[in-house]
Amino acid sequence: MTRATQSFPLSRRLFLGAAGSFVAWAQIPGIARATGHDPRFVVVILRGALDGLAAVPPIGDPAYAAIRGDMAVGAPGRERVLPLDGFFGLNDAMPELHRLYGEGDALIVHASATAYRERSHFDGQDVLENGAAGPQALRTGWLNRAVGALPSEGRIAPATGLAVSATVPLILRGAAPVVTWTPPNFRPAGADTVARLLDLYRHQDPELAAVFAAGVGLDALTAGEMAMGGGEVAGGIAGAFAEMAEGAARLIADPEGPRIAALSYNGWDTHANEGADTGRLADLLAALDGALGAIARTAAPVWDQTVVVVVTEFGRTVRGNGTDGTDHGTGTVAFVLGGAVAGGRVVADWPGLAEGQLLDARDLYPTTDLRAVLKGLLRDHLGLSETILTAQVFPDSIGVRPMDGLLG
Amino acid sequence: MISDAAAFHRFGLGPRPGDLDVGDVRAALRDEIGDRAAARLDSPGLLDAGGALSAMIAIRQAQAAARNGANNMLLMVEPQDRVTAETINRDEIAARVARVLGARIGFVDRLVAFWNNHFAVEASSGMDERALVGAFEREAIRPYVLGSFRDLLGAATKHPAMLGYLDNALSVGPNSPAGLAANRGLNENHARELLELHTVGVDAGYTQADVTALARILTGWTFVARDALSGPPVGSFIFRAQAHEPGVQTVLGIAYPDDGVGQGEAVLDFLAAHPATANHIARKLARHFVADEPAPELVDRLANTFAASGGDLQAVAVALIDSDEAFADERRLKPPQEFLWSAIRALGITPAPRQVVAILTSLGQPLFNPPSPEGFDDDGATWLAPDAMTTRLDVAEQMALAASPALRPGELAEAVLGDELQSGSLVALLAAESEVQALTMLLMLPEFQRR
């Protein structure tokens, strides 16, 4: 500033802002302690719409190579893909996911989609996060409602939320209180100033007081935990993705830490020069792969009790567009990871890619409702009843049965 | 009704000491937007879009030359004197800081921020984008925020920053001569956002077929991307007939004959005058300035003014400040940019561009760099988050440390908060253990954080 030469370090928060945010629910379910089952649940949102056909190409579909043309990852004469089940391959930017798949700790769901059938990112993300059948139908998020419905018996701490981001994403907005946190890079203001402000807020602005108190509490809770030298994040987007993932994993692995987290990664809207073999999408997939690997490594002590689900608002067109990219589509992939996951397989009721098999003659036809996957996980991993899942967490989903056998 | 002092925070950039003495705040607001050119920002040191793009072209040429072992003029320039996307962005931010500090009330600049967020372009989407975002705001937004919406829409749609960001510059009619020759085709990104975000809104009832038709109509809408001996200069909008998809196209039930660039201009005319556009804009404006759930009467009045005036944005802004509902007694949290601007105006400090970048990034609202074409979220709940609040405190303390030690916190609080200042707040400031602590707390007072 003009008078003093104070400088603000340009450090990791810059990258966090660019890469996304993560949010965690600081909930310590009592069921955990009683039964020895202490589940962790992490939702990773890929904002911008992941091209599922580039991430997990259906190389065994006879129509695939022709309809994708120049963009057909894994087609004959192109860079090879990592083998999955013979029909599907995995983009070779994702060796960590492939390793987890091989160890039975990763499951891929293909041709899935939310209930949303239009093609607006913003409405699509709204539905992905609000859990309803349509956009703007609810102002709260399904993950928040799921946490609110967790069995409360023996709960040792009141439900308070932890959001590791500058702002609260819709998926965790709701009645249950959420707090946010990112690795501090500014010198924290003195404790005395904090105390004075809290006192003032409590008298004049209870809403601000609650929010501020939560933020202050978290800085104290996490002090030291994330002290990693304070420098810039190395490695650009891959470094930023990994740092966020590692931070999330460290928090959920901590015995006193939160159990439920959501983080999001931006940048998947590949309209032009998609670069699924080498280029933008390959770099993003590699960064995501590194992040998933970091979660598995960092949360290793609790990996058997951890489920990570990776979702996106919708897929992309089956054909490339006129600019070596893909436009907004429908069906896409989801990944489910964790030590308890019945993995090593691709779950898909494959609709096919031939003309006449596409949705609106352009998109991968969605045959699996993403809510079935999420309901299956919430039921079998977090112990939520089907009644609660249908009544509160995913309203309007009565016809969507929870998917069986995701864990085991 | 909120007090006059609160109106400075709600509609402006927050008062500087002395600013509250204007008398009738509504008259002062009306006065500030009386000149349709009031939002212009012409700073001799700033590059226009053509200059910024030329600088990026020079960088790419120098990089290519260096790869080939050849010499290039640019490589002879000292590194610290080179024009890069970073230096252009830095200069643009410095010009905004000067503008903020010099504004009388800042209503026009708040309108600029609103419209720049409506027509969001993301600096981090690429080197050219980073170099162009400042020029975009000065060339496509500022000249029009007190003019007609149709002109604003046209300028934003045709600016190289937008044509590049939403990929329309790459989109080629599959049956156009260029498309047939190169086997290139449509990119519907810009067409979709033009409908969904810029004009009628997502609920206006358009279909995928409408999006595709609009994408076809917009083919050929591009800009001069490289130097040529003749023709318009780099950065200029051009209609490239070679790339334009031939044929009649139907959008929202209306068939548009193919008369080249006129086909797209006619659709923009239609969309700008569409009732759904008036409602979409009215709701966003009322939400931004007043409340997450603005009074329906206010939204209706703004929409009616928009429609009746043929999209006269000056008339809409006047209707806003003439509405009692706009002065409703509820307070939303200032988004980060407004918090920063009001703080530096109150304290009279001039942050360096890199500090502006660091502060606004940490608070989640970096200048010229929204997260998506939708722009920054304008929902109060977005910003009222625990970590965001403690980061504000950290930022407030840094700014207080940079302020003049001659400032008297109690007097300053009265000068920038007027009747809004609660007696308990004043007591707390006066009881602070240091002036830095008092100034930090002043910036963090509920009456300073909300508007």
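What follows is calculated from the coordinates using simple rules that are stated; it is not laboratory data. All values derive from a computational prediction rather than experimental measurement. Note that we place each Cβ from the backbone using ideal geometry, even for glycine, and neighbour counts take in every protein chain shown.
Please express the shape of segment B:49-272 as an equivalent ellipsoid: the semi-axes are the square roots of 5 times the eigenvalues of the C-alpha gyration tensor, given largest first in whole angstrom. Could you put the intermediate results ahead of the total?
On the way: eigenvalues 199, 132, 33 Å².
Largest first, segment B:49-272 gives 32, 26, 13 Å.
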Cα Rg over Rh - segment B:1-83, Kirkwood = 1.35
ask   = In nm, what is the difference between 0.36 nm times the number of residues separating A:Asp396 and A:Ala66 and their Cα-Cα distance?
value = 115.0 nm
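Report, please, the projected area of chain B averaged over directions, based on the convex hull of its C-alpha atoms, in nm². Can you show the working numbers first?
Details: hull surface 95.1 nm².
With every direction weighted equally, the projected area is 23.8 nm².
Can you compute the FRET efficiency between B:Ile238 and A:Thr367 using 1/(1 + (r/R0)^6), with r the Cβ-Cβ distance and R0 = 56 Å? Round to the nearest 0.05. Before the final figure, lay out the partial values.
Working: r = 45 Å, r/R0 = 0.80.
E between B:Ile238 and A:Thr367, to the nearest 0.05, is 0.80.
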task = Tell me which residues come under 5 Å, amide H to amide H, from B:Ile238 once H is placed; ignore anything under 5 positions away on its chain.
result = B:Thr222, B:Phe223, B:Val224
message = Let me test this: with uniform point scatterers at the alpha carbons of segment B:336-449, what is the Debye-based log₁₀ I(q)/I(0) at q = 0.10 1/Å?
response = -0.30
query = Which FRET efficiency value, to the nearest 0.05, do you get for B:Val77 and B:Asp259 by plugging their Cβ-Cβ distance into 1/(1 + (r/R0)^6) with R0 = 45 Å?
reply = 0.45
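Say R0 is 25 Å: what FRET efficiency, to the nearest 0.05, do B:Phe270 and B:Ala308 get from their beta-carbon distance?
Working: r = 18 Å, r/R0 = 0.71.
Here the calculated transfer efficiency is 0.90.
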query = To the nearest 10 degrees, how steeply does helix B:208-218 sit against the main Cα axis of chain B, on a 0 to 90 scale?
reply = 80
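How big is D, in µm² s⁻¹, for segment B:276-365 by Stokes-Einstein at 25 °C and 0.890 mPa s if Rh is the Kirkwood radius over C-alpha pairs? Before the final figure, lay out the partial values.
Working: Rh = 14.8 Å.
The diffusion coefficient I find is 166 µm²/s.
To the nearest 20 Debye, how big is the dipole of segment B:336-449 about its Cα centre, given +1 on the beta carbon of each Lys and Arg and -1 on that of each Asp and Glu? Before the final figure, lay out the partial values.
Values: 4 positive and 15 negative charges, 87 e Å.
That gives a dipole near 420 debye.
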remark   = Among A:Val333, A:Ala253, B:Ala204, the residue whose Cα sits farthest towards the positive end of the charge dipole of the protein assembly as shown, when +1 is placed on the Cβ of each Lys and Arg and -1 on the Cβ of each Asp and Glu, is A:Ala253
query = Given Cα pairs under 8 Å that are at least 6 residues apart, what percent is the relative contact order of segment B:196-244?
reply = 32
remark   = Note: A:Ala137 to A:Arg117 extended length (0.36 nm per residue) minus current alpha-carbon separation gives 5.7 nm
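Considering every Cα-Cα pair within segment B:148-225, what fraction, in whole percent, is farther apart than 15 Å?
55
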query = Using a simple charge model, +1 on the beta-carbon of Lys and Arg, -1 on the beta-carbon of Asp and Glu, nothing else, what dipole does the protein assembly as shown show about its Cα centre, in debye to the nearest 20?
reply = 840
query = Over segment B:129-262, one equal point on each Cα, no solvent: what is log10 I(q)/I(0) by the Debye formula at q = 0.09 Å⁻¹?
reply = -0.27
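What does the charge add up to near A:Asp360, with Lys and Arg as +1, Asp and Glu as -1, over the other residues with Cβ less than 15 Å from its Cβ?
Details: positive: A:Arg117, A:Arg119, A:Arg316, A:Arg319, A:Arg362, B:Arg192; negative: A:Glu118, A:Asp327, A:Glu355, A:Asp363, B:Glu188, B:Asp210.
Local charge sum for A:Asp360: 0.
Relative contact order, percent, of segment B:336-449 when contacts are C-alpha pairs under 8 Å separated by at least 6 residues?
Working: 83 pairs, mean separation 31.2, N = 114.
Relative contact order here is 27 percent.
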inquiry  = Can you work out the Karplus-derived ³J(HN,Hα) for every residue in segment B:26-43? Use 6.51 cos²θ - 1.76 cosθ + 1.60 with θ = phi - 60°, whole Hz, and x for glycine or proline.
reply    = 5, 4, 5, 5, 4, 4, 5, 9, x, 8, 4, 9, 4, 8, 4, 9, 10, 10
query = How big is segment A:248-367 by Rg and Dmax over its Cα atoms, in Å?
reply = 17.0, 53
key: D (Stokes-Einstein, µm²/s), Kirkwood Cα radius, the protein assembly as shown, 0.692 mPa s at 37 °C   = 117
inquiry  = Please enumerate, by chain and number, the lysines with C-alpha under 28 Å from the C-alpha of B:Lys284, excluding those fewer than 8 residues away in the same chain.
reply    = B:Lys158, B:Lys334
query = Can you give the helix-only mean residue ellipticity at 222 nm for chain B, where every DSSP H stretch with n ≥ 4 adds -39500 (n - 2.57) and the sum goes over all residues, rounded to the nearest 500 deg cm²/dmol?
reply = -15500 deg cm²/dmol
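Segment B:112-155: percent of C-alpha pairs farther apart than 14 Å?
Working: 414 of 946 pairs.
Tail of P(r) above 14 Å: 44 percent of Cα pairs.
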